[in-house]
Amino acid sequence: MKLHGNMSIKNNTLYIGGVSCVDLANKYSTPLYIFDENLIRENCREYRKYFKVDENSNKVAYAGKAFLTLYMCNLIKEENLCLDVVSGGELYTAHKANFPMENILFHGNNKTIDEIKMGIKLGVGRFVVDNFYELDIIEEICKENNKIQEIYFRITPGIEAHTHDYIKTGQIDSKFGFALINGDLYEAIEKLSKYKHIKLVGLHAHIGSQIFDIQPFIDEVDIMIDLIKEIKEKYNIDLKEIDLGGGIGVYYTKEDKPKTIKEFCEAIINRTEVKCKEIGIKVPTLIIEPGRSISANAGSTLYTIGSIKDIKNVRTYVSVDGGMTDNIRPSLYKAGYECSIVNKMKYEKVNNVTVAGKCCESGDILITHANIMDIESGDILITTSTGAYGYSMASNYNKIPKPAVVMVSNGKANLVCKRQTYDELLELELI
Ligand SMILES: Cc1ncc(COP(=O)(O)O)c(C=O)c1O
Ligand SMILES: N[C@@H](CCCC[NH3+])C(=O)O
């Protein structure tokens, strides 16, 4: 298992941020999400530095869908990043955390009327408009409230990124954005003159997630810059902002060979400068929306091992007290993870086992082939790199309560989300 960020081993025990994982499991129980706060902050700072936020006024918007809580909003605010939200719930979380609304980008392919009202009322900086329906509603609500809303158009650039089918978004056949191929984007721009309360300031695209190759991002830059020039020439509209979305891949297992934040940012910035020079336009303000690459490696999940079932010559199932309810990614995408036993970090006898969750689904398998040490019931197992799309995609299937979340740093643990109780599970139910 790779040690990420501020992980270390002392007396055969795994520590994160200077805190013993055994102590965390004892104090907060399991399943438990642990976030290495300093690693999140470090990632934010790398993005600010290499994406030239101060130097070029570029912007980095953390994609809240990866992992968003009040504490996380606050941390993102302290690190001076913008925030990408995709629902009324995420927007409400940001609002409750006093996140500056002008630094919010509001996404979504089917924002409801209530969500749009809420965004306009709260004063979000940019709506990333996905379709004609949304455009009409924004105009109507802004008119009623006598407001002008700045927007980007989300476009579908027709780029095939090499990643899981479910997390590709840039290809032509996509539910997201205005297609380039059928002329929808041009039609939307032509209609702008009838929208007196909407100001188009930029374009947005997002080509997918967990992408290792830089080339699709370079292609995206080229398409967006060409479009900016074309829109200026055809419609005399000056678009000064280009939002390239998120998508940079991270390490989950040995097969993953991610680029660093520095390599990724430099490649995008360099290509933008070269391309703008080539076609003779001013370099626009660039925006990116990283989610996974900020939070994934900073998060881990602790479980307690319960039953161990050895089916001779077939497989050993090691079951833990969580599973697809706290991390659906293995079941949904066949995503791979690494694991270890936090109280036995130096044992040599390795067993090949399958780590299973506790849900009533055969597909609730967290790791199909895990190499872990002398396992016994009661041991504490950690899966690493669960910080993105883990807690945020958690469910209450089988009426399993959501786990607690702690942030650790400099030898201290800070509970940021309490464990859900059985009574809370029933809170919305009526007899
Ligand atoms: C519009 C948009 N921006 C940003 C992201 C964040 O992507 P990632 O977590 O891969 O960086 C996503 C999710 O894929 C997205 O849909
Ligand atoms: N939830 C996905 C990523 C979706 C990205 C959102 N557009 C994952 O776990 O990888």
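In whole percents, the pair-distance distribution calculated for the chain from its alpha-carbon pairs, binned every 20 Å from zero, is 25, 53, 20, 1. Taking label positions 7 Å along the Cα-Cβ direction at both Ser307 and Leu426, the computed distance is 2.6 nm, reported to one decimal. Seen against the Cα atoms of the chain and their longest principal axis, helix 215-235 is set at about 20 degrees. Using label points projected 7 Å from each Cα along Cα→Cβ, tell me how many nm separate Asn398 and Ile172, to one decimal. My value for the distance between the label points is 4.4 nm. Figure legend: label point modelled 7 angstrom from the Cα of Lys346 along Cα→Cβ; residues of segment 4-22 with amide N under 11 Å from it are 9-13. By how many degrees, between 0 and 90 and to the nearest 10, does the Cα long axis of helix 37-50 differ from the longest principal axis of the chain? Tilt relative to the chain: about 30 degrees.
Measuring nothing but how far apart in sequence close Cα pairs (under 8 Å, 6+ apart) lie, relative to its length, segment 280-344 scores a relative contact order of 17 percent.
Applying both filters, DSSP loop and at most 16 other Cβ atoms within 10 Å, to the trypsin sites (Lys or Arg not before Pro) of segment 220-271 gives Lys240, Lys254. Computed extension length for Lys196-Glu361: 54.1 nm, one decimal, from 0.36 nm per residue of separation with the Cα-Cα distance subtracted. Against the chain, whose longest principal axis is taken from its Cα atoms, helix 132-145 shows a tilt of about 70°.
Net charge dipole, the chain: roughly 760 debye, given to the nearest 20, about the Cα centre with Cβ charges of +1 for Lys and Arg and -1 for Asp and Glu. The mean sequence separation of alpha-carbon pairs under 8 Å and at least six residues apart, normalised by the residue count of segment 42-191, gives a relative contact order of 14 percent.
Enumerate the residues in segment 387-431 having an amide nitrogen under 11 Å from the point lying 7 Å beyond the Cα of Ser87 toward its Cβ. Taking a point 7 Å out along Cα→Cβ of Ser87, the residues of segment 387-431 whose backbone N falls under 11 Å are 392-395. Packing around the peptides 135-145, 18-28, 83-93, taken as the average count of other Cβ atoms within 10 Å per residue, puts them in this order, highest first: 83-93, 18-28, 135-145.
Cross-link partners of Lys412 among lysines, defined as those whose alpha carbon lies under 21 angstrom from its own and excluding same-chain residues fewer than eight positions apart: Lys10, Lys27. In the chain, the DSSP beta bridges split such that about 50 percent are antiparallel, to the nearest 5. Restricting segment 319-415 to chymotrypsin sites (Phe, Trp or Tyr not before Pro) that sit in a DSSP loop and have at most 16 other Cβ atoms within 10 Å of their own Cβ leaves Tyr347. Students often get this wrong, so check it: of Lys194/Lys275; Lys49/Lys277; Lys194/Lys229; Lys117/Lys194; Lys65/Lys275, which have C-alpha atoms separated by over 25 Å? Those over the limit are Lys194/Lys275; Lys65/Lys275. Taking 0.36 nm per residue of separation and subtracting the Cα-Cα distance, full extension of the segment from Glu78 to Glu266 would add 65.3 nm. To make sure I understand the rule: partners must be lysines, Cα under 18 Å from the Cα of Lys399, and not fewer than 8 residues away in the same chain. Which ones qualify? Once the sequence-local lysines are set aside, what remains near Lys399 is Lys358, Lys418.
Distance between the modelled labels on Glu376 and Lys232, one decimal in nanometres: 7.0 nm (7 Å Cα→Cβ projection). Here segment 161-303 is assigned +1 on the Cβ of each Lys and Arg and -1 on the Cβ of each Asp and Glu. Its dipole about the Cα centre then comes out at about 420 debye. I need to check one value: relative contact order of the chain, counting alpha carbon pairs closer than 8 Å and at least 6 residues apart, in percent. Dividing the mean separation by the residue count of the chain yields 20 percent. Of the solvent-accessible surface of the chain, computed with a 1.4 Å probe over protein heavy atoms with every protein chain present, carbon and sulfur atoms account for 48 percent.
The values are calculated or read from the model by the stated rules, or taken from the named source; none is laboratory data. Since the model is a prediction, treat every value here as computed from it, not as a measurement. For neighbour counting, all protein chains shown are included, and Cβ atoms are generated from backbone atoms with ideal geometry for every residue, glycine included. Just so you know, the surface numbers come from the protein's heavy atoms only, side chains and all, with ligands and any DNA or RNA stripped out. Shrake-Rupley method; radii C 1.70, N 1.55, O 1.52, S 1.80 Å.
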